[in-house]
Structures are given as C-alpha cells and as structure tokens.
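The values are calculated or read from the model by the stated rules, or taken from the named source; none is laboratory data. Quick caveat, the model's predicted, so the values are computed rather than measured. Heads up, the Cβs are rebuilt from the backbone with ideal geometry, glycines too, and the neighbour counts pull from every protein chain shown.
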Amino acid sequence: MIEVPGCPPIADVMTGVVTHMLVFDQLPELDGQGRPREFYSRRVYDPCYRRLYYDAGMFVESWDDEAARKGYCLYKMGCRGPVTYNACSVTRWNEGTSFPIQSGHGCIGCSESGFWDNGPFYQHLASFPGFGIESTADTIGTVVGIGTAVGIAGHALVTNICKRREISERVARSNSIEAESARPEQPEEKEEVE
Amino acid sequence: MARVVVDSITRIEGHLRIEAVVEGSEITEAYSSGTMVRGFEKILKGRDPRDAWAFTERACGVCTTVQALASVRAVEDALGITIPANAELIRNLMFCTQMVQDHAVHFYHLHALDWVDVVSALSADPAETSRVAQSISSWPRSSPGYFRGIQERLKTFVESGQLGIFANGYWGHPAYRLPAEVNLLAVAHYLEALEWQKEIVKIHAIFGGKNPHPNYLVGGAPCSINLHEVNAINTERLNHVGRLIKQAIEFVEQVYIPDLLAIASFYKDWTLIGGGLRNYLVYGDLPTQGYQQPDSFKFPRGVILDRNLEQVLEVDGTDAEEIKEYIAHSWYSYSQGEEAGLHPWQGETEFNYAGPTPPYQYLDVEGKYSWLKTPRWRGHPMEVGPLARMLVAYAVGRTEVQEVVNEVLERLDVPLEALFSTLGRTAARGLETRLAVHWMKEFYDQLLANIKGGNTMTSTRERWEPSTWPSEAEGVGLSEAPRGALAHWIRIRDRKIENYQLVVPSTWNASPRDASGQRSAYEESLIGTPVADREQPLEILRTIHSFDPCIACAVHLHDPRGERVHQVRVH
C-alpha cells in the first residue's frame, strides 16, 4: 500500500507515483508511514522559498500588512509548513504555477493525518519546531517533537540572528527607503525568537 | 408498468439514484434519492468561524471555491465585515474561473456523451468534419489531417477493447442523432477541452495557491498585491491571469458555443421535454458595487413563480418565512416533528436512517427515501441553476443577457418557451459561460485600473481578532454555485460556531418530495420523458445531466459499504 496523502494530493505527485511504477517498473521508496520519499521526505517548510524570512525572524503580523506585501514568512498567521510533509514548496501546484504560501496564505497542513483537528488554522504553532532540524518522517512522525526544538534552540538562536542581520542588510541594500520602516520591527522579533 | 432504477447515475459527482416508473414508453412517476450522507453541519460545530471555509470547500472538488465563498460571506455578514474592492474583484475572478471551467467540463465530459455517439465517430469522413468545423467556427485546429489523427487515436482505444474514458455509454442507441462527422468533431473537442480546463484553473492557483481548494480568507483575499516585489501578485502574475482569460474567451467563443449550437440544432425536440418545475430561484452573485448591493450583481437576485417573466419577486435569506428545509421524506429527524420546516438558522442535522438494508430492489418511496432534505421557498419547490439565472436576468431586463439569449433562440429558430426544457437548461449553461468569460475581462481590467490608481489593498484587518466580536452573531452567505443557488447560514456564540447549515443547489433540485407531495426539480422534470429502450434509459440521463448533478455537496462523505454500484436494473 502506498500512501499519497493530501486533501487532495498534488495532481503531479499522484501522476508521479503512478508513472514511477509504470516507467521504472519498481515501487517508489517509502517512508515509515508508507509515503513515497520522493515527495514526502521534506516538510513544506524545509525548502520553502520564504524560509529565509523565518530564519531571520521576519514575519507577516496581519493580513495584507507591509510584511505580507513583501512576502515575509507566514508562520505567525498559522502556517503549518513546519509540521507538514509534502512537496508543495518544490513541485508546487497546477504545473508549477504556485502553492498556498506563494499566494499569501499559510499551509493548512492538509497532507497530515487528522489535519482538520490540528487547528484552529490561524493560531500559530505553540512552539518553534526548531531551526534546521534535519529529521525525516521516519524518525519524527507527523508532529515535530517540541523537546527537540527546545534542545537546540540555543544554537539556532545565534545562527539565526546572524542570518537575520545578513538578510536585513541585503534587503536594506536593495531598497534603502524600505529598510527604514523595516528596522523598528526587529527588536520585537528578537523576543519572539528567544 | 415497470420501474427503471438507475443507481448510480454516472458522469456526475457523488451518488445519485433515480427510480422511474415507465408506462408504455413514457415516465409517469419518478423518485430521486441521494444515497450518501453529509455531515458538515456536525463537523463544524464548536470550531473557529474563520476556519469554516476550509472545511466546507472540501464538500466537493468539482465546484471547489464556491463553498468557501459562501462560507466567508456568512462569517463576514455575521461580523459586519466589508471587504476591499480588490478582494471582491479577485473573488469574482475566482468565481468566474470556476464557473467557466466547470460548465465546459460539464458540457464536454459529463453531458455531451448523452448526445454524442463516440463510436459513430469512427465512421466519419475527416474531410467532411473539417468542412463542418470551418463552417461554424474560426478555431484553427480544423484540418482534415487533424481530425484524421483524432479518429486514429479513437480507433486505437476501441480496438484495444478498452474504451477507457468512453467506457460507459449506450453507443448505438437510436436516440443518438448526430451525423458521424459531427460526432467526430465533438470527440476532438472533448479531448481539447480536457487539456484547456487545466489551464484556466491556474487563475485559482495564482490568487489562491492551488486548485482544487484554493485559499480564501475572512475579510478579503489572502494574496497581497505589490508591483515592486517578486513575492506578491505582481506584473508577471497579472500577465499570466490576463493570458488565461484571453485563452478562455477564445475557447468559449470558438469551440464551446459553436459546438453547443451545432449539437442543439439536431435535438430541437428536446426543447419540449424535461421542463419540470415552473418556479426559479436565484440568490445572485458577482457584485460590482460590493456584496451589500445586490442590485449591482451581474447575476441578479430574484424568484420567478409559474414561469411568469413579468414579475420577479425579492429573496431574503434572513427572513424566517422564506427558506425552510423539510424532512418528511428524508432520513433525518427534527425535534419539532416530521411536518416542521426549519429556517437554516434554526436548522437541525440529526440522522435517522429508515431505509432498507442493502442490497435492496426499491426504496420505500412512501416513507423516507433520501439523504437530502427538501428546501422550499415560501412553500414552493424551486429550480436553481443556469436556467434560473438566465431567466431572472432576462426578466429583470439585463440587456447583455437578453442579447445572448435572443441570439441563440433566433439561430435555433425556437421560441422563448423553448428555454423551459432539458435543452434549454443545457443552452443556458453555455450562455452564462459566454457571459462570464467576458465579465472576467471586465473584472481583470478593473483590478488593473485600481492598482494603477494606487489601490492595492486586498484585505481588511477589521474584526479579524475574535476579541473584537460580539458574544453572539448570526449571518448568511449567499452565492451562486455553477449548479445554482448556494447559501450557508452561521450562528456564532462565544467566538465559536454554534450552528452551521449549508443549503446547496443540488439539494433544491435533487431533493425528495415534500410532505404535501410536491415533487422537486429532478423528479418533476422526468414526468413525461420518453424512454425508447428500458434497458438503456438514455433519456433519463439527458434530463438529469442537464441539471449537472453534484451530489457530493448535497449529501456527503460516507458510503457505509465502501463500494459503488454502477448498473442499471430494470424490473
């Protein structure tokens, strides 16, 4: 049995699973939950193109605010990317047109088992699931261990504050006017990271 | 007298059973039954109202988005939220995308095979098909070689013994009347439509992240607009939308509408069959001056009784006397008893299955026989859907609607009364697709104009936080799904959903009769329908498919046997 979770799964992933068997005459490699590693071995958050803003602590605080218009991280708006295993942020939807985060809404985690009770959808996750955890579905299951996240938070904090400075500076260089308005947000974000 | 049972009706979404009594060669009585149960009303209790759209949208992947739209509107109505103009335009674009894609898919992939004999296309002369194609449209894919190629593909299908997507047809049935050449044309466009429909839905992906089930948001649209940012709706994204709209206009004008007219011209006797009810209900949609201004809707709101186009009555979703749901023949129970009718704000969802244990021969149609409740407007059964929308718009004097309707009546040389029929319903669907695809261009141009004028706002933050809500609130969200009038009613208490009721279009159309014996739209429309061959009741499919049944949202979720029965039984 091959599990291809999602509500619904990405059409290209579904086709990919079928053609994997037909063309290569083999079953795709599966993880501990029976999901093809090819599509379900990464959290949406791992390769998310907005990940750098997460690492830098630069978040959308309310709908259509300045941060939303710059495409910052949607974590605080309830994004389930950090606890959802799926290919959305790489494969994207509808022949690569977009995926929820790219269109400004957080991931609701529809490929995780019982996702409908993992809400409310707009309440942000109780704790940071961790910076740079390289766990797979085999070892960590569907819910990322909060303890693990706390354990490495010290290391992550340092790394990410450095990253945030670097990213902020890059943003500032590209648009010096916008940098002025972005800077006052930073002390508040630092508290959130800690 | 024989009873013909079709269970399940295929080429629809969901599980629908029709039992029809045939005397001689005509249907004299009919019963429509939804054979799955829906539980959204139960699922939603106690949840955050802002989450409801994500649940209701998943009632069905076919008319995806409309259940989300009705849901966010219900919550916004309850909380007194007015969304920004750009959000309305984006919602309108998503609405039209849905309608255009859904109607084209219905016409080519669900309904056309009731009129088009796929196997007959094998004997067509491709050169003649080419001549026909070029005489009705300027669509470029029309050479003899192109149609020969399609014929070869079809031949491979048939010779392999596996018709695949064309497997379940009554091929060779005497009621098929198109020349082989027109059948081949329709098969070619069946395949082209399949390709094209996956393009148009990319508009959902651009504004909502994906299709099916794009994202919605209470208070606006989740996407932000920023012309100076790659990470938002920018020029590239807008260009993409513009391109898809242009492509859609070409497809609808050059393929769908010419095909519809060509096929309809061979079946004009179906303008006399399948009319059914004489009452039509439309909530209306596509606001141009905001959702609070129904007069500004592209699809006007209103009720027509007894086919009287001289008078359009007003509809109020909040009036406890107007819309009520009954359960006399439905597998539910009400605390106030069997005869009661409940306005959806007071709606109850208590399952009470009293039907036979499968497998069974017939339903007990004297008692309860469906998982659909029976909605009524001031006690009247109503037809909802494209025909209702076109009739109400026509009757209130919308010239753009009158023009396209009159043009088609003229070209088919049939009177206005021809609309009250199976073919009229199918034509109305094509006509509103034609209107909607041009309206998309209007909404798109307006969005560009707003952005050019400096207005990029897509969401209000007002009353997003539950702490700003009253302790009790109630709202109704009205919309038009491709299949007709759709509404959600919500009651909020202590920031949670206390009660939530969906009354969906296929509930209006496919429901069982009410306590006083009045039939709903499907049942009524089958009375008098001819049946040439009881083993192959193609005529039943024509009329039922003309409504575009979508039973997934009308009843939902669970087949206790975990299996489907695709068969026709004749007794």
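Observations on the model:
- Subset of the stretch A:24-61 (residues that are more than 18 Å from the chain's Cα centre (by Cα) and not in a strand (DSSP E or B)): A:PHE24, A:ASP25, A:GLN26, A:LEU27, A:PRO28, A:GLU29, A:ASP31, A:GLY32, A:GLN33, A:GLY34, A:ARG35
- Given (1) more than 21 Å from the chain's Cα centre (by Cα); (2) surrounded by fewer than 18 Cβ atoms within 10 Å (Cβ to Cβ), number of the condition A:HIS20 does not satisfy: (2)
- Sole exception among (1) buried (at least 24 other Cβ atoms within 10 Å of the Cβ); (2) without any contact (Cβ under 8 Å) to a residue 24 or more places away in the chain; (3) more than 10 Å from chain A (Cβ to nearest Cβ); (4) not polar (S, T, N, Q) for B:GLY209, by number: (3)
- Here B:ALA449, B:ALA473, B:ALA515 are screened, and the one residue that is away from chain A (no Cβ under 14 Å), hydrophobic (A, V, I, L, M, F, W, C), outside any strand (DSSP E or B) and within 30 Å of B:ALA320 (Cα to Cα) is B:ALA515.
- Residue within the stretch B:132-142 that is out of contact with any Gly (no Cβ under 9 Å at 6 or more places or on another chain), in a helix (DSSP H, G or I), surrounded by fewer than 18 Cβ atoms within 10 Å (Cβ to Cβ) and without any contact (Cβ under 8 Å) to a residue 60 or more places away in the chain present: yes
- Selection count where residues are at the interface with another protein chain (Cβ under 7 Å from one of its Cβ atoms) and within 21 Å of B:PHE55 (Cα to Cα), scope the stretch A:88-100: 3
- Inter-residue pairs, beta-carbon under 8 Å, first part of a strand (DSSP E or B) and in the stretch B:299-328, second at pLDDT 95 or above and of a type in the set (Ser, Thr, Tyr), 6+ apart: B:VAL303/B:TYR280; B:ILE304/B:TYR280; B:GLU325/B:THR374; B:TYR326/B:THR374
- For the stretch A:101-126, the set of residues classified as in a loop (DSSP other than H, G, I, E, B) and within 7 Å of another protein chain (Cβ to nearest Cβ) consists of A:GLY104, A:HIS105, A:ILE108, A:GLY119, A:PRO120, A:PHE121, A:TYR122, listed by residue number.
- Cβ pairs under 6 Å, 6+ apart, first in the stretch A:50-73 and within 14 Å of A:HIS105 (Cβ to Cβ) and at the interface with chain B (Cβ under 9 Å from one of its Cβ atoms), second part of a strand (DSSP E or B) and modelled with pLDDT of 95 or more: A:ARG50/A:CYS73; A:TRP63/B:SER459; A:ASP64/B:SER459; A:TYR72/A:PHE59
Per-residue answers, yes or no, for (1) buried (at least 20 other Cβ atoms within 10 Å of the Cβ); (2) at pLDDT below 95:
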| site | (1), (2) |
| --- | --- |
| A:ASP65 | no, no |
| A:ARG69 | yes, no |
| A:TYR72 | yes, no |
| A:TYR85 | yes, no |
| A:PRO100 | yes, no |
| A:ILE108 | yes, no |
| A:PHE115 | yes, yes |
| A:PRO120 | no, yes |
| A:PRO129 | yes, yes |
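- In the stretch B:329-343, the residues that are small (Gly, Ala, Ser) and either free of Cβ contacts under 8 Å to residues at least 12 places away in the same chain or outside any loop (DSSP other than H, G, I, E, B) (or both): B:SER330, B:GLY337
- Some residue of the stretch B:195-205 being more than 14 Å from chain A (Cβ to nearest Cβ), closer than 25 Å to B:SER138 by Cβ and modelled with pLDDT of 95 or more: no
- Some residue of the stretch B:99-120 being within 30 Å of B:THR543 (Cβ to Cβ), within 14 Å of another protein chain (Cβ to nearest Cβ) and touching a helix residue (DSSP H, G or I) at 6+ places or on another chain (Cβ under 8 Å): yes
- Residue match in the stretch B:38-45 (condition: modelled with pLDDT of 95 or more, within 12 Å of chain A (Cβ to nearest Cβ) and at positive phi): no
- The stretch B:223-240 - residue that is facing another protein chain (nearest Cβ under 7 Å) and farther than 14 Å from B:LEU93 by Cα and, of those, surrounded by the most Cβ atoms within 10 Å (Cβ to Cβ): B:SER224
- Reported count of residues in the stretch B:64-97, each being part of a loop (DSSP other than H, G, I, E, B) and surrounded by fewer than 24 Cβ atoms within 10 Å (Cβ to Cβ), is 4.
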